[in-house]
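J.: One structure follows; several queries about it will come next.
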Amino acid sequence: MRKLLPLALLALCLSGCVKAPEYETPADDRARCEKALPDSAIDWLTGRIRGGTLGFMMSRDVAEARDLLLDDFRAWRPQNPHGTDTQFVRVCSMNGPAHGSRYRLEYEISKETLDMVRAPKRGFLVRVSDDVVLTSSWRPPVEGVPEDIGRGEYAVYVACRVPGADPGQREGAPLKGQLEDSLSNEASARVHYTHLLHSTRLLVKALGCTNKPVVPAEPPASVK
């Protein structure tokens, strides 16, 4: 009987004391997008899909992205630049009603130094400063294919010296942010960079870059 009593008390405690697991919902992912993007971005995207519904997919908030990227930056070494487990960190992901339509914003350690970055096909490159480079590409809708949506890719590279990282990390492993859009059918790079640069400014601040790179709120006037 004495042996059964402690077991009964343990079972009672477990049933009453263990907190039920918290399951995330699409609303959580929407909230992350709203925090990572400018205030008007969600409304703009909703308008672009013409009455359809945005679906919010799994993403991480800026604080989580910062922690994961800090681990990768601090693991980087010049003699083994591709030897870490570096993966992209998605801070916003949305799907639209059209097949394959999506809007995704993510960050990673760049495999290229800033001087190695080149303009992609059907795109351009702008060197904003010694610390910031922008690239963009756009594939227009295919002529003759009903309801085909154009596809754009917009990237920002930032030389960010992470506290506690190898001294060569600033030059050898910049931060890369990328926005992929096959949802809005918007050819303007300026609109997309308004979203991408807003998010990048938040992340650069969170990372605590010791070289203090200046990420602009908008791209240069030459970017249309």
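J.: Leaving out ligands, DNA and RNA, what percent of the accessible area of the chain is carbon and sulfur, probe 1.4 Å?
T.: Within the chain, the accessible surface is 55 percent carbon and sulfur.
J.: Here's another thing I want to ask about it. Please compute the per residue accessible area over the range 53-194 with all protein chains in place, 1.4 Å probe, rounded to a whole number of Å².
T.: Dividing the accessible area of the range 53-194 by its residue count gives 48 Å².
J.: What ³J(HN,Hα) values, in whole Hz, does the Karplus curve 6.51 cos²θ - 1.76 cosθ + 1.60 give for the range 125-142 when θ = phi - 60°, with x put for Gly and Pro?
T.: 9, 10, 8, 5, 7, 5, 10, 9, 10, 10, 9, 8, 9, 9, 10, x, x, 6
J.: Counting other Cβ atoms within 10 Å, keep those with at most 12, restrict to DSSP loop, and tell me which GluC sites (Glu not before Pro) in the range 121-163 are left.
T.: Qualifying residues, ordered by number: GLU143, GLU147.
J.: Over all directions, how big on average is the projection of the convex hull of the alpha-carbon atoms in the range 115-224, in square nanometres?
T.: It is 7.2 nm².
J.: Would you mind checking LYS35/LYS224; LYS121/LYS212; LYS111/LYS212 for any pair whose Cα atoms are more than 28 angstrom apart?
T.: Cα-Cα > 28 Å for LYS121/LYS212; rest within.
J.: Taking a ≥ b ≥ c as the square roots of the Cα gyration tensor eigenvalues, with a/c under 1.5 meaning rounded and otherwise prolate when a/b beats b/c, else oblate, which class fits the range 171-224?
T.: prolate
J.: Which helices, counted as full DSSP H runs in the chain, have an axial Cα extent of no less than 24 Å and a Kyte-Doolittle average of -0.5 or above?
T.: Correct list, ordered by number: 189-207.
J.: Here is a further query. Please compute the Kirkwood hydrodynamic radius of the chain from all pairs of different C-alpha atoms, in Å with one decimal.
T.: Across the chain, the inverse of the average 1/r is 19.4 Å.
The values are calculated or read from the model by the stated rules, or taken from the named source; none is laboratory data. Bear in mind that the values here come from a model prediction, so they are computed numbers and not experimental data. Here Cβ is always computed from backbone atoms with ideal geometry, including for glycine, and neighbour counts include all displayed protein chains. Surface areas here come from the heavy atoms of the whole protein model, side chains and all, with no ligands, DNA or RNA. Shrake-Rupley method; radii C 1.70, N 1.55, O 1.52, S 1.80 Å.
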